[in-house]
Amino acid sequence: MLSSTPIPGNEEMVHRTINRLFQRGAEVIYDAIAPVHVSGHANQEEMKLLMQLVKPKYMIPIHGELRHLKQHAALARELGIPAENVAVIENGTPIEFRDGQMSIAERVPGGYVFVDGSGVGDIGPSVMREREALARDGFVLVHLVLDCDKTRLIEEPEIITKGFVFIRDAENLMAQATEQVRQYVKEGSMEQIEKKIEEGLSKFFYNETRRRPMVFVFTSIDRGV
């Protein structure tokens, strides 16, 4: 019997667990088919009782989202705790007590600290966004071999994809992408050619597939013997 509701974001895992229990022959009772849900949190009357028993001089709600903190603070004021002794704060906001007076200090800048393997804090939101993009749409790698004057291709462009499409099932798409690369080189303007190809192929792949793989281009120079 599951007397709870899934935390948002965990629904798939919870439903998978329920399905596996059914597979093993269990009879599963959960909130969608019977009113068995109970909360582990105190209700308003229980919170009022706690405050009446403790009789706090100051009240700083700390559990829940901002909407929950606001409601908790309102209960404190209803029970007679002075408004100046009730503080609703968010992460990073210090509270100072001086000569029996409470005040809210200037917020301290902060954010998430990512732990990745043995590294702590050495990656940030930008890296996480890149990882999300790679996981969602994969990447395309384009290798160009140019002559020493960087004016023409010595070999056919090599296109490698991972996590985007299976090349054998997308031969026509890759052929069109290869032709676009050739066209960019033929235009003769080699300044920022890698960036131009990356931007051009990114638009092309989105128009054709409605996906945005990360596109990387690197060049090699064939200097002959």
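Of note:
- Residues of type lysines that Lys150 reaches as a straight line, Cα spacing below 23 Å, ignoring anything fewer than 8 places off in the same chain: Lys186, Lys195, Lys196
- 3J(HN,Hα) from dihedral phi, segment 91-96, Karplus parametrisation 6.51/-1.76/1.60, rounded to Hz, x for glycine, proline: 3, x, 9, x, 10, 10
- Using R0 = 22 Å, the C-beta based FRET efficiency linking Glu11 and Ile104 works out to 0.05.
- Value of [θ]222 nm, deg cm²/dmol, for the chain, DSSP H segments ≥ 4, -39500 (n - 2.57) each, nearest 500: -12000 deg cm²/dmol
- Over segment 1-40, the Kirkwood radius and the radius of gyration, each from Cα atoms, give a ratio Rg/Rh of 0.96.
- Panel values: segment 64-145, Kirkwood radius from alpha carbon pairs, Stokes-Einstein at 25 °C and 0.890 mPa s, translational diffusion coefficient 141 µm²/s.
- Checking every one of the chymotrypsin sites (Phe, Trp or Tyr not before Pro) in segment 106-182 against DSSP loop status and a limit of 16 other Cβ atoms within 10 Å picks out Tyr112, Phe114, Phe166.
- Only alpha carbons enter this Debye calculation for the chain, each as an equal point scatterer, and the log10 of I(q)/I(0) it gives at q = 0.14, 0.17 Å⁻¹ is -1.01, -1.19.
- Distant-in-sequence amide H partners of Phe164 (H built 1.01 Å from N, under 5 Å): Phe139
- When the convex hull of its Cα atoms is projected in every direction, mean area for segment 131-222 (nm²): 5.7 nm²
- The alpha carbon centroids of segment 1-30 and segment 32-111 are separated by 33 Å.
- Its relative contact order, with pairs defined as Cα atoms under 8 Å and 6+ residues apart, puts segment 41-111 at 24 percent.
- Considering only Ala177, Gly138, Phe218, and ranking their Cα positions along the charge dipole of segment 131-222 that arises from unit charges at the beta-carbon of Lys, Arg, Asp and Glu, the one farthest toward the positive end is Gly138.
- DSSP-loop trypsin sites (Lys or Arg not before Pro) across segment 11-112, with at most 16 other Cβ within 10 angstrom: Arg24, Lys57, Arg107
- In segment 1-51, GluC sites (Glu not before Pro) in a DSSP loop with at most 16 other beta-carbon atoms within 10 Å: Glu27
Computed from the coordinates by the stated procedures, all read-outs in this text should not be read as laboratory data. None of the values given here were measured: they were computed from a predicted structure. Cβ: placed from backbone, ideal geometry, glycine included. Neighbour counts: every protein chain shown.
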